[in-house]
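A.B. asks: Before I ask anything, here is the structure I am working with.
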Amino acid sequence: MASVRTKPAGRGPSTTAALRGLAGLAGLVAVLEVLPRTGALSAHYLPPASEIGRTLGQLLAESTFWTALGDTVAGWGLGLAIAVVGGVVAGVVIGSVPVLRAATASTIEFLRPIPSVALIPVAVLLYGTALESTLLLVVYASFWQVLVQVLAGTQDVDPVADDTAHSYLLGRWGRVRYVLWPTALPYVMTGVRLAAAVALVLAITAELVIGSPGLGREIAVAQTSGAVSRVYALVLVTGLFGVAINLVARAVERRALHWHQSQRREG
Amino acid sequence: MRRRILGLAIAVVTVIGAAGCGSSSDGTSGSSASGSGKTTEVKVGIIPIVDVAPLYLGQKKNFFSSRGIELKMESAQGGAAIIPGVVSGQFDFGFSNTTSLMIAQTKGVPVTSVANGAATTGNTTTDVTAVAVRKDSAIKSAKDLAGKTVAVNTLQNIGDTTVREAVRKDGGDPSKVKFVEIAFDQMPAALDGGQVDAAWMGEPAQTIAKSQGARAVTSPFAETDPKLTVATYFTSAQLAKENPDLVKKFAEAMTESLTYASAHPDEARQILTTYTKIDGQVLKDLTLPDWPAQYDMASLEKLASLGEQDGLFGDKKPDLKALFQ
């Protein structure tokens with residue numbers, strides 16, 4: 001991270017990262033092509049990459065695939081948005097009121113480690129296999145990622161800065177805006193990036209296990225139908241989706257924190 | 001039990017829910033307005049497998065719409081979501097194997113069967129399920145399964161009870177069979193990889209496994225009873241009480257669909273391509289279940305006594321008359 005001799009300024013690091021990511025993927029594809037062809041793995045259960053690619057091509061021509069992708073994006077995006085807004089608001093409120101903080105600490109520590117998938121029966125009872133089932137799981141899992149980061153961020157406020165703001169008679173809102181928020185923002189961004197990845201995992205899991213609409217359900221249907229290369233093609237799509245999410249999250253983070261030392265050092 | 005789950009659900013909703021409620025539910029249920037006119041939207045929780053083909057066929061043939069029912073299939077992944085979904089009112093009807101329904105009933109879950117689902121072909125060589133072994137396996141018939149590991153998709157359910165019965169009938173010791181839980185679609189690989197000695201497979205897994213060299217040694221459903229009722233469509237006791245008219249219409253439409261599917265197996269096979277991804281040779285080779293219009297009560301009694309014998313119902317007994325009216 002903090003290596004001194006970095007690439008030229010500008011978009012250097014992101015492009016290299018993307019290139020490296022692509023190289024990694026290319027390597028994986030090569031391995032997936034060779035293993036089944038040499039018989040190291042049975043082609044029944046792991047078709048060669050070229051065949052998966054062909055299936056992927058067919059997949060892209062299907063309208064059901066795009067509907068499923070849209071459902072997954074909706075479950076992921078909506079869930080993430082709810083979790084981020086909820087997490088930030090709750091985090092700032094709890095973090096800036098010491099009494100609240102003390103009162104909620106144990107509750108948060110109790111609720112946070114409950115795996116979201118444990119809520120599957122609840123989701124089914126409430127929403128059946130509708131999109132809301134996915135949302136319940138996604139929001140529960142990613143909310144804590146954001147909340148805990150925001151709480152850590154509010155803890156990190158420099159007391160001197162806060163006192164100075166006090167003596168300049170800044171109101172509560174002013175202190176949140178000019179002192180707390182800039183301190184917490186890097187934490188918020190980390191929380192959002194983590195939550196974005198967790199939200200995708202939970203969205204796919206919900207679709208796979210419950211059967212709510214989306215890529216996960218498509219995977220499950222392909223699996224029960226014994227359409228092996230289709231399963232891999234769909235898994236590949238979710239993988240690419242994950243990579244895209246990570247790239248976007250990093251880009252947003254760099255944007256929002258361009259003034260922050262963690263970003264300046266690299267740029 | 002159920003009340004406690006609901007209580008928990010409400011607690012969860014109050015914690016996270018307010019935000020969750022803002023989510024749009026359009027695109028799924030909002031699109032077709034029920035109530036107006038005389039069509040009722042009916043949600044059926046199903047597993048997208050071969051057995052439910054008559055339901056899709058009946059939808060295509062308008063057996064449901066002609067009775068004012070607009071079918072909406074909710075394909076759940078595995079039966080785990082279907083029974084709770086029906087009981088909580090998320091689905092109006094559901095599809096489940098009969099042993100699961102008996103277990104649910106003995107646990108006090110208020111469900112009742114309304115129409116037949118699927119039955120064994122009664123053919124002990126080509127049935128809807130089979131216990132398959134590797135080509136070179138020493139296991140030749142059901143009794144050889146004693147002392148061996150057999151994969152089933154769900155432990156303590158219709159799979160292991162009927163496999164035990166097949167072993168018993170063949171003169172083996174059913175208590176010596178070791179069962180492990182593996183999903184149907186992973187069974188061909190698990191068998192091939194030597195993780196299990198044998199696997200009890202449904203369709204299309206058994207056809208896929210056979211095409212890769214596996215050998216069927218017994219057909220537990222057909223061995224248990226040549227007319228075994230394997231699965232039925234069911235609803236919640238509440239809906240059955242509140243809307244007997246709808247239940248009656250659904251049952252009539254379902255019966256018509258089962259009859260049609262039995263008479264037109266090729267169409268039934270073809271409709272599989274609309275909701276599964278089974279294709280090619282597997283689609284041509286797989287064994288369709290029988291779709292009689294009525295349950296076979298004698299076979300259900302047999303299944304219940306097997307479940308009792310294996311301790312599936314605790315110390316209770318399923319009330320078959322109430323469950324399969």
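The values are calculated or read from the model by the stated rules, or taken from the named source; none is laboratory data. Keep in mind that this is a model prediction, so the values were computed, not measured. Methodologically, a virtual Cβ is constructed for each residue, glycine included, from the backbone with ideal geometry; neighbour enumeration extends over all protein chains shown. These accessible areas exclude ligands, DNA and RNA; they are computed on the full protein's heavy atoms, side chains included. Shrake-Rupley method; radii C 1.70, N 1.55, O 1.52, S 1.80 Å.
A.B. asks: Can you pull out the residues in the stretch B:224-242 that are open to solvent by less than 60 Å² (accessible area, probe 1.4 Å) and not small (Gly, Ala, Ser)?
C.D. replies: Hits for the stretch B:224-242 are B:224, B:225, B:228, B:229, B:230, B:232, B:233, B:234, B:235, B:239.
A.B. asks: For residue B:316, are the conditions met, namely being out of contact with any Leu (no Cβ under 8 Å at 6 or more places or on another chain), among the charged types (D, E, K, R) and modelled with pLDDT of 90 or more?
C.D. replies: Taking the combined requirement at face value, the residue does not satisfy it.
A.B. asks: Same structure, new question: Test residue A:200 against the stated conditions and say whether it is within 30 Å of residue A:161 (Cα to Cα) and away from chain B (no Cβ under 14 Å).
C.D. replies: no
A.B. asks: Which condition number does residue B:129 fail, the rest of (1) surrounded by 19 or more Cβ atoms within 10 Å (Cβ to Cβ); (2) over 26 Å from residue B:304 (Cβ atoms); (3) not charged (D, E, K, R) being met?
C.D. replies: Tallying (1) surrounded by 19 or more Cβ atoms within 10 Å (Cβ to Cβ); (2) over 26 Å from residue B:304 (Cβ atoms); (3) not charged (D, E, K, R), residue B:129 fails exactly one: (2).
A.B. asks: When you look at residue A:84, is it within 11 Å of chain B (Cβ to nearest Cβ) and crowded, with 16+ Cβ neighbours inside 10 Å, yes or no?
C.D. replies: It is true that residue A:84 is within 11 Å of chain B (Cβ to nearest Cβ) and crowded, with 16+ Cβ neighbours inside 10 Å.
A.B. asks: Got at least one residue in the stretch A:200-210 being among the charged types (D, E, K, R), over 28 Å from residue A:98 (Cβ atoms) and modelled with pLDDT of 90 or more?
C.D. replies: Scanning the stretch A:200-210 turns up at least one residue that is among the charged types (D, E, K, R), over 28 Å from residue A:98 (Cβ atoms) and modelled with pLDDT of 90 or more.
A.B. asks: Just the residues that are open to solvent by 30 Å² or more (accessible area, probe 1.4 Å) and among the β-branched types (Val, Ile, Thr), please, taken from the stretch A:87-100.
C.D. replies: Correct list: A:89, A:93, A:97, A:99.
A.B. asks: Against the conditions (1) under 21 Å from residue B:290 (Cβ atoms); (2) touching a strand residue (DSSP E or B) at 6+ places or on another chain (Cβ under 6 Å); (3) of a type outside the set (Ser, Thr, Tyr), where does residue B:127 fall short? Just the number, please.
C.D. replies: Unmet condition: (2).
A.B. asks: Identify all residues within the stretch B:256-285 that are of a type in the set (A, V, I, L, M, F, W, C) and either part of a helix (DSSP H, G or I) or under 17 Å from the mean Cα position of the chain (by Cα) (or both); write none if there are none.
C.D. replies: Result: B:258, B:261, B:263, B:268, B:271, B:272, B:282, B:283.
A.B. asks: Moving to a separate point now. Can you tell me how many residues within the stretch A:169-192 are at positive phi and modelled with pLDDT of 85 or more?
C.D. replies: Matching residues across the stretch A:169-192 total 0.
A.B. asks: Could you give every pair whose Cβ atoms fall below 7 Å, whose first residue belongs to the stretch B:261-277 and is within 14 Å of another protein chain (Cβ to nearest Cβ), and whose second residue is basic (Lys, Arg) and crowded, with 19+ Cβ neighbours inside 10 Å, counting only separations of at least 6 or pairs across chains?
C.D. replies: B:277/A:230
A.B. asks: Here is a follow-up. Pick out the one residue from A:193, A:230 that is more than 10 Å from chain B (Cβ to nearest Cβ) and either closer than 30 Å to residue B:201 by Cα or not hydrophobic (A, V, I, L, M, F, W, C) (or both).
C.D. replies: The unique qualifying residue is A:193.
A.B. asks: Also, quick follow-up: Could you count how many residues in the stretch B:206-234 are closer than 23 Å to residue B:83 by Cβ and either of a type in the set (D, E, K, R) or within 14 Å of chain A (Cβ to nearest Cβ) (or both)?
C.D. replies: Residues meeting the conditions: 0.
A.B. asks: What number of residues in the stretch B:137-190 are surrounded by fewer than 19 Cβ atoms within 10 Å (Cβ to Cβ) and in contact with a Ser or Thr (Cβ under 7 Å, 6 or more places away or on another chain)?
C.D. replies: The total comes to 5.
A.B. asks: State all residues of the stretch B:59-95 that are part of a strand (DSSP E or B) and within 14 Å of another protein chain (Cβ to nearest Cβ); if no residue qualifies, say none.
C.D. replies: Passing the criteria: B:72, B:73, B:74, B:75, B:93, B:94, B:95.
A.B. asks: Further question on the same structure: Collect the residues in the stretch B:258-282 that are surrounded by fewer than 19 Cβ atoms within 10 Å (Cβ to Cβ), touching a Leu at 6+ places or on another chain (Cβ under 9 Å) and aliphatic (A, V, I, L, M), keeping them in residue-number order.
C.D. replies: Hits for the stretch B:258-282: nothing passes.
A.B. asks: Can you go through A:170, A:147 and tell me which one is within 14 Å of chain B (Cβ to nearest Cβ) and farther than 30 Å from residue B:94 by Cα?
C.D. replies: The match here is A:147.
A.B. asks: Same structure again: Got a number for residues in the stretch A:51-75 being part of a helix (DSSP H, G or I), surrounded by fewer than 14 Cβ atoms within 10 Å (Cβ to Cβ) and not β-branched (Val, Ile, Thr)?
C.D. replies: Looking only at that region, the number is 5.
A.B. asks: Any residue in the stretch B:243-257 that is open to solvent by 70 Å² or more (accessible area, probe 1.4 Å) sitting within a Cβ distance under 6 Å of a residue that is part of a helix (DSSP H, G or I)? List the pairs, counting only those 6 or more apart or interchain.
C.D. replies: From residues that are open to solvent by 70 Å² or more (accessible area, probe 1.4 Å), the pairs are B:249/B:67.
A.B. asks: Sticking with this structure for a sec: Which residue pairs have Cβ atoms closer than 7 Å, lie 6 or more positions apart in sequence or on different chains, and pair a first residue in the stretch A:118-140 that is more than 7 Å from chain B (Cβ to nearest Cβ) with a second residue that is not in a helix (DSSP H, G or I)?
C.D. replies: A:120/A:210; A:123/A:210; A:133/A:210; A:133/A:212; A:134/A:212; A:134/A:214
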